[in-house]
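The values are calculated or read from the model by the stated rules, or taken from the named source; none is laboratory data. Being a predicted model, the structure only gives us computed values, none of them experimental. Note that each Cβ is placed from the backbone with ideal geometry, even for glycine, and that neighbours are counted across all protein chains shown. Please note that ligands, DNA and RNA were not included when accessible areas were found on the heavy atoms of the full protein model with its side chains. Shrake-Rupley method; radii C 1.70, N 1.55, O 1.52, S 1.80 Å.
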Amino acid sequence: MLVHFVTDEPGKIPAIRAMLEPQYRVSARVLGTGDNHSASNGVLMVDADLRQMARVEQIKGVLSELRCITEKLFVVQSHLQQMVSQAYALGATTVVCSSREIVTKLAQIEAATKTASADLDGQTPEISNSAAAFVSMFSAARRGKSINLSDAENATSQIVSAMEQNGLTAWLDDVRRYHEGTFQHCLLVTGVAVGFALDIGFTGPDVKRLGMAATLHDIGKARIPLSILDKPAHLAPDEDEIMRHHPIIGFELLQDVPGVTPEILDGVRHHHEFLDGAGYPDGLTASKISDLVRLLTISDIFAALIETRTYRPAMSRPHAYQILCGMDGKLEGPLVKAFRRVALAA
């Protein structure tokens, strides 16, 4: 795997080469020297003083040249919170602060890349196409670019097609076989929501409306630091507070995108609201929560329970459904009862 190492101190290059070579190929450059590179693969690693605006501007130039590279590691001392914030503002996907963290993260990226490459031929077209659409949307959001609504429409169309042809169980099995993390959750939620809509007899346009809201419901997570999003343990209270901002972030990312309807914005902002007012971010009560949001919330919770997390195994579908049944007062009872066929279908 190729590592593009960018630094403001030439003396750091030999140490990085000694740490990473020969397992990884290191392409090093010093900021301000005029060296230009273009590449579409590998990992970008930046180790520079982000408190200096001249360095920040130079890094922006490098990021523009290497914009096709999705993994961007920034090396920052953990106590320099200002630099950590600046790293994420520049588009860091991960901030590391020690040699051990650098090596561990690169190994994780390499393993994920190899797994994705090995699995590619086994994916159905619906999974590969919808997953590619999610990658495009999340990448645009991370880079501060406008989200292309056609990506969401394509992903939703692919998932509706898969549901109609093969049913929910096949979709859940395939998604969990080939994807993990946030993308797995988005694929699962949309599949569950579409399966729910089809089961209760929604018309084609209504299936698409719920499917689009499900596809875009977590787009705000594109702006949540990966150190929180991919944390292999329960979140600390301050981290959970940051995570709870993702519905508002998603709403703000989409509110000016042409073609995004008020129903979609409602689903994106309010899929964590509960009928008793205990949800977030707006603490809505039953009279303010739309039917679309009620359906989406059930689908979102169920998908979260049946997916594998690094800190817990996936729940069985019957167990997850029992959890939903125990949320009386928070979820709409008749909808939970109607969801039984979806949750427990073989």
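The C-alpha atoms of the chain occupy a region whose extents along the principal axes are 66, 42, 38 Å, arranged from largest to smallest. In a fully extended conformation the segment linking Lys231 and Thr261 would gain 7.5 nm over its present Cα-Cα distance, using 0.36 nm per residue. Annotation: amide H of Val43 within the under-5 Å range of Leu2, Val3, His4, sequence separation 5 or more or interchain, hydrogens built in the peptide plane. Which log10 I(q)/I(0) values, to two decimals, does the stretch 234-346 give at q = 0.19 Å⁻¹ under the Debye formula with one point per Cα? Evaluating at q = 0.19 Å⁻¹ gives log10 I(q)/I(0) of -1.11. Of the options Thr190, Val62, Asn148, report the single residue whose Cα projects farthest towards the positive end of the charge dipole of the chain (beta-carbon charges: Lys, Arg +1; Asp, Glu -1). Result: Val62.
The residue list Gln86, Met137, Leu44 was ranked by how far each Cα lies along the charge dipole of the chain toward its positive end, using unit charges on Cβ atoms, and Leu44 comes out on top. Between Leu296, Leu331, Leu187, the residue with the greatest mean-square fluctuation in the GNM of the chain (Cα pairs under 10 Å linked by springs) is Leu331. Applying 1/(1 + (r/R0)^6) with R0 = 30 Å to the Cβ-Cβ distance of Gln108 and Asp282, what FRET efficiency is obtained, to the nearest 0.05? For Gln108 and Asp282, the calculated efficiency is 0.25.
Report, in deg cm²/dmol and to the nearest 500, the calculated mean residue ellipticity at 222 nm for the chain, where each DSSP H run with n ≥ 4 adds -39500 (n - 2.57) and the sum is divided by the residue count.
-18500 deg cm²/dmol
For the stretch 149-253, the carbon plus sulfur part of the accessible surface works out to 49%, probe radius 1.4 Å. The simple spin-label model puts a point 7 Å past each Cα toward its Cβ; for Lys60 and Gln165 those points are separated by 4.5 nm.
Projecting label points 7 angstrom from Cα along Cα→Cβ for Glu153 and Ala314 puts them 3.2 nm apart.
Summing charges over neighbours of Ala343, with a neighbour being any other residue whose Cβ is under 12 Å away from its Cβ, gives +3 when K and R count +1 and D and E count -1.
The portion of the accessible surface of the stretch 41-80 made up by carbon and sulfur, rounded to a whole percent, is 48 (1.4 Å probe; DNA, RNA and ligands excluded).
Using a simple spin-label model with pseudo-atoms 7 Å out from Cα toward Cβ, Met19 and Asp206 lie 5.7 nm apart.
Taking the inverse of the mean 1/r over every pair of distinct Cα atoms in the stretch 165-304 gives a Kirkwood hydrodynamic radius of 15.5 Å.
Taking Rh as the Kirkwood radius computed over C-alpha pairs, what is the Stokes-Einstein D of the stretch 1-110 at 20 °C in a medium of viscosity 1.002 mPa s, expressed in µm² per second?
Roughly 155 µm²/s, to the nearest whole number.
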